[in-house]
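Worksheet: one structure, shown below.
The values are calculated or read from the model by the stated rules, or taken from the named source; none is laboratory data. Small disclaimer: the values here were computed from a predicted structure and weren't measured. With ideal geometry, Cβ positions are generated from the backbone for all residues, glycine too; neighbour counts draw on all protein chains shown.
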Amino acid sequence: MAAMAHPPSPPPAPRDDAGAYVGLTEEQARARAAEHGWRTVRTLPPDAVVTMEFVAGRINLTVVDGVVTRCWHG
């Protein structure tokens, strides 16, 4: 019986400080995320119901009136 191959490892997440996004406009935050190598930027309204799956390479932004109020990786 052949050995099963290991699933590929996701690429490492960019080294970036989530706190640096708070206070930026959504446009500024998206630009910063692109500069730092994030593959996916997800914007959410406050108190949005979201699933808890971790997605490598994704940054999440809570945006109120066009300004980032919370940011987290995954």
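Observations
- The set of residues in region 23-33 that are outside any loop (DSSP other than H, G, I, E, B) and among the hydrophobic types (A, V, I, L, M, F, W, C) comprises Ala29, Ala31, Ala33.
- Unique match (being modelled with pLDDT of 90 or more and in a loop (DSSP other than H, G, I, E, B)) among Val49, Val63: Val49
- Subset of region 6-22 [surrounded by 12 or more Cβ atoms within 10 Å (Cβ to Cβ), part of a loop (DSSP other than H, G, I, E, B) and either among the hydroxyl-bearing types (Ser, Thr, Tyr) or touching a residue at least 60 places away in the same chain (Cβ under 8 Å) (or both)]: Ala13
- Extreme residue, nearest to His73 (Cα to Cα), among residues of region 23-37 that are touching a helix residue (DSSP H, G or I) at 6+ places or on another chain (Cβ under 9 Å) and surrounded by 15 or more Cβ atoms within 10 Å (Cβ to Cβ): Ala33
- Test: residue in region 34-46 that is of a type in the set (Gly, Ala, Ser) and part of a helix (DSSP H, G or I): yes
- With respect to the conditions (1) surrounded by fewer than 13 Cβ atoms within 10 Å (Cβ to Cβ); (2) touching a residue at least 40 places away in the same chain (Cβ under 8 Å); (3) not charged (D, E, K, R), Cys71 falls short on a single one, namely (1).
- Matching residues, region 38-74, being in contact with a helix residue (DSSP H, G or I) (Cβ under 7 Å, 6 or more places away or on another chain) and β-branched (Val, Ile, Thr): Val41, Thr43, Ile59, Val63, Val68
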